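Single-structure report; data block below.
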Amino acid sequence: MRIVIQRVKSASVHIEGREKSNISAGMLILLGIEPTDSLTDIEWLCKKIVALRIFNDAEGVMNKSIVEAEGEILLVSQFTLMASTKKGNRPSYIRAARPEIAIPLYEQFCATLSRHLGKIVQTGEFGADMQVSLVNDGPVTIIIDSQLKE
């Protein structure tokens, strides 16, 4: 699994002109899933996400987790995170999991992240054409790959 975390002041997802979800201060997380990903990847990533100290404390130092900052999370599936650009100019998405594998993992990721966060995680809609808006805070953007554990 590969995620991109963006610390945001606000974020929203629109589908076919209608707002599906929105959050105030917190994280917008884009999630890419590979066929070999498992519940172990989900658990590791969710623990990492809620423990990341990327929110400012009273002195303006990034020293608080999303739980301590009482932030919200908007989670959006994004198969293009698994793109390979090694050959040619057209990205290959062969590393992205097919829907029959990705959808149950995405749903489990949402449930696990909600449990670790202690509140419902807002979502986009798997496979939909989404328009994602955000006000990046910082900007702070972090990429984590569960296969690399870095």
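For first residues located in segment 1-28 and part of a loop (DSSP other than H, G, I, E, B), partners that are open to solvent by less than 20 Å² (accessible area, probe 1.4 Å) and lie 6+ apart or on another chain with Cβ distances below 6 Å form the pairs 1/33; 1/37; 1/41; 1/45; 1/146; 25/71.
Just one of the listed residues (134, 75) is at pLDDT 95 or above, touching a Cys at 6+ places or on another chain (Cβ under 9 Å) and either open to solvent by less than 50 Å² (accessible area, probe 1.4 Å) or over 14 Å from residue 42 (Cα atoms) (or both), and it is 75.
Filtered by the rule that a residue be closer than 26 Å to residue 68 by Cβ and either of a type in the set (Gly, Ala, Ser) or more than 15 Å from the chain's Cα centre (by Cα) (or both), segment 83-114 gives 111, 114.
Filtering segment 84-129 to residues that are open to solvent by 30 Å² or more (accessible area, probe 1.4 Å) and part of a helix (DSSP H, G or I) leaves 99, 100, 101, 103, 104, 107, 108, 111, 115, 116.
Taken over segment 137-150, the criterion of being acidic (Asp, Glu), assigned to a strand (DSSP E or B) and at pLDDT below 95 is satisfied by 145 alone.
The values are calculated or read from the model by the stated rules, or taken from the named source; none is laboratory data. This structure is a prediction, so every number in the text was calculated from the model and none was measured. Note: ideal-geometry Cβ built from the backbone for every residue, glycine included; neighbour counts use all protein chains shown. For the accessible areas, the whole protein counts, side chains as well, though only heavy atoms, and no ligand, DNA or RNA atoms are used. Shrake-Rupley method; radii C 1.70, N 1.55, O 1.52, S 1.80 Å.
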